[in-house]
Amino acid sequence: MKVRFNNVNFSYDEESVVLKNFNLTINDGEMVAILGHNGSGKSTIAKIMMGLLEVSSGEIYINDKLLSQETIDECRNHMSIIFQNPDNQFVGVTVKDDIAFGLENKNLPREVMEERIHKYLKLVSMEDFIDHAPEELSGGQKQRVAIAGALALECELMIFDESTSMLDPKGTKEVNEMIKKIKKENNKTIIVITHDLEEASYADRIIVLNNGFVVADGTPKEVFKNELVLEASGLKTMESVSIIHNLKNKEYKNKSLIEEALWELTFNE
Amino acid sequence: MNNIALGQYVDGKSIIHKLDPRTKLLSLMLLMVSVFLIPKPVNNSFGRLASFVMLLVFAVIILIIVLFTKISLLKYLNSLKQLAFLFVFTFIIQLLTPQGDKILIPNLNLNLSILGLGIILLWIILFIIFRKFIPCKLIVFLILTCLSIYLLTYDLGYSFTTVTLNLYEDGLFNGAFFFMRIFLVIMLSTVLTLTTKPTDLTSAIEWYLHPLTYLKINVSIFAMIISLALRFIPTLFNETGKILKAQSSRGVDFKEGTLKQQIGQIISLLIPMLVISFKRAADLADAMEARGYIPGAPRSKLNVMKFSLSDLFSFIVTIVIVTSIIVVSVI
């Protein structure tokens, strides 16, 4: 699934422009991490793609189809999103009902719904919680239910909009493991919106945003090597990458070889 | 805050849980109406006996229903606890309202003496100071109120005026009758909310409102609104609890202070609650829209309602109860 932003401009009010002449192409089957500090416009991109916000000017193409009021429902059929707050996206009164919500909207037959609910709850290891109420689940578990709900829609594109930012370390780990599993087992286009560099390091490609502009675009290794850009974008690099950068200032034998080995270790190349 | 039973579905596999939500909704509505059909106790012993026997029979029926739900009685009692003051208030108003000829306690002279009022004032102050440590506050408060009234019947000296009250026999019976009536209705509504998922309840309401679609009224939107409201009641109560704790940690005491201070304290709770609720509503609307919800568009249903033999049986039992009450009331 291909997404293309063409000269997109967006602002919440007249004074502050969030996106200015924004251009971006996300290719089919790619896992892209959009990095940026708070207010850099990364969540806005996700909402624009889902048709939840209307752009001031410019075009967005979803699989070469122009996103507009006429095509919005059709375009949404190809995409699913997992938001930041697990509580605010739990519509059903039980896990089963919540996953069914999206499927009911697609007007799918009951048998198909039952099959998908069980299949994807098993995938996110939440099958034992099928009849549980949201109040009985932890933040990580609720987010896994949201992932199962998004997966059950069987869309080609999945967006994770800061889906770990409200979770504790255990919940964050659960969700990150799930994203990696989806990437490995499904041929989906995945967009991870985050300000956590470690989370972004699992992606095939990282896009760094600063005040609505793309300031870096490349593989995790390429982007993380550019320490100055990360710092200027208000992002704190990963601990392991910091060590590599610090080693640059030291003198020792086989410096470049060791550095290369550390980069490889960091990104599991 | 966590004791609110409304909207809190308790998962279970009991016969009541398994009933078709349409049957449950209609049957419980009919039973609620029939509670109101039980005639008020009339001014003769047979009439009173008949009314109270009918209420008692109804209470037994509800108790059987409650036992069938296999949900802890504590859950039901928690929902009643919230309305305890309504029960007491109704009872006291009925007791003091002049009605009927027979006076149970005539000329109950309450001597408003300095000493008597002083002792009552002392009780109230001590109650307010130590209420955090008092278990079953309502019962203790009621005992203190009765003791205060009893104390005022004695002239303790320095009496400046005397108030004469008549406690009417009909007032006592009517008070007990209304108390029972509210109790039974609340119990019935609690059975419904504890054993029926909000989504099922909504489906049932949607089904009953279906004829309105012929008048071009979009029933599914109303059903979704009700469903979401019921879904978010526990969440918002949890949120209120968190704000209460956060404000308390900043020194706001919701239980103390003058009326003006208490209004200020309530505002400090209401404003963040409103802001959070609007934020939640906006996020939820985004999440629903992103998951393909289009108001009014056709949607399939995962939980298909099925009218079974047990539904038929329950419905027949309800009709028998309602008919019996109507017949007895007419006689």
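The values are calculated or read from the model by the stated rules, or taken from the named source; none is laboratory data. None of these values were measured; they are calculated from a predicted model. Note: ideal-geometry Cβ built from the backbone for every residue, glycine included; neighbour counts use all protein chains shown.
Overview of results
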| read-out | value |
| --- | --- |
| The range A:41-55: number of residues that are of a type in the set (D, E, K, R) and surrounded by 14 or more Cβ atoms within 10 Å (Cβ to Cβ) | 2 |
| Meets criteria (over 15 Å from the mean Cα position of the chain (by Cα) and more than 30 Å from A:S233 (Cα to Cα)) for A:G149 | yes |
| For A:I72: the one exception among (1) closer than 21 Å to A:V215 by Cα; (2) without any contact (Cβ under 8 Å) to a residue 60 or more places away in the chain | (1) |
| Total residues in the range B:299-322, condition touching a residue at least 24 places away in the same chain (Cβ under 8 Å) and among the aromatic types (F, W, Y) | 2 |
| Where B:T190 falls short, out of the listed (1) within 14 Å of chain A (Cβ to nearest Cβ); (2) crowded, with 20+ Cβ neighbours inside 10 Å | (1) |
| Candidates B:L86, B:L80, B:L117 - the one that is in a helix (DSSP H, G or I), buried (at least 16 other Cβ atoms within 10 Å of the Cβ) and in contact (Cβ under 8 Å) with a residue 60 or more places away in the chain | B:L80 |
| Residue that is nearest to B:M224 (Cα to Cα) [pool: residues in the range A:105-130 that are more than 7 Å from chain B (Cβ to nearest Cβ) and crowded, with 20+ Cβ neighbours inside 10 Å] | A:I117 |
| Conditions (1) modelled with pLDDT under 90; (2) assigned to a helix (DSSP H, G or I); (3) within 14 Å of chain A (Cβ to nearest Cβ); number of the one not met by B:S268 | (3) |
| Residue check, A:A150 buried (at least 23 other Cβ atoms within 10 Å of the Cβ) and either touching a Leu at 6+ places or on another chain (Cβ under 6 Å) or on the phi > 0 side of the Ramachandran plot (or both) | no |
| Options B:Q8, B:Q94: the member that is at pLDDT below 90, outside any helix (DSSP H, G or I) and either surrounded by 15 or more Cβ atoms within 10 Å (Cβ to Cβ) or within 14 Å of another protein chain (Cβ to nearest Cβ) (or both) | B:Q8 |
| Test for B:I71: is it modelled with pLDDT of 80 or more, touching a Ser or Thr at 6+ places or on another chain (Cβ under 9 Å) and assigned to a loop (DSSP other than H, G, I, E, B) | yes |
| Hits in the range A:131-156 (condition: away from chain B (no Cβ under 12 Å), in contact with a Lys or Arg (Cβ under 7 Å, 6 or more places away or on another chain) and not in a helix (DSSP H, G or I)) | A:E156 |
| Residue satisfying condition, being basic (K, R), more than 30 Å from B:L144 (Cβ to Cβ) and out of contact with any Cys (no Cβ under 6 Å at 6 or more places or on another chain), within set B:K24, B:K75 | B:K24 |
| Filtered residues of the range B:183-212 (kept if without any contact (Cβ under 8 Å) to a residue 60 or more places away in the chain and either within 22 Å of the chain's Cα centre (by Cα) or over 25 Å from A:D97 (Cα atoms) (or both)) | B:T202, B:P211, B:L212 |
| Subset of the range B:283-310 (residues that are in a helix (DSSP H, G or I), within 14 Å of another protein chain (Cβ to nearest Cβ) and exposed (fewer than 11 other Cβ atoms within 10 Å of the Cβ)) | none |
| Boolean, A:S165 is within 17 Å of A:K42 (Cα to Cα), in contact with a Gly (Cβ under 7 Å, 6 or more places away or on another chain) and touching a residue at least 12 places away in the same chain (Cβ under 8 Å) | no |
| Exclusive hit being closer than 30 Å to A:E135 by Cβ, surrounded by fewer than 22 Cβ atoms within 10 Å (Cβ to Cβ) and more than 14 Å from every other protein chain (Cβ to nearest Cβ), set A:N6, A:N38, A:N21, A:N63 | A:N38 |
| Selection from the range A:74-104 of residues that are assigned to a helix (DSSP H, G or I), within 7 Å of chain B (Cβ to nearest Cβ), more than 18 Å from B:P234 (Cα to Cα) and within 21 Å of the chain's Cα centre (by Cα) | A:R76, A:G102 |
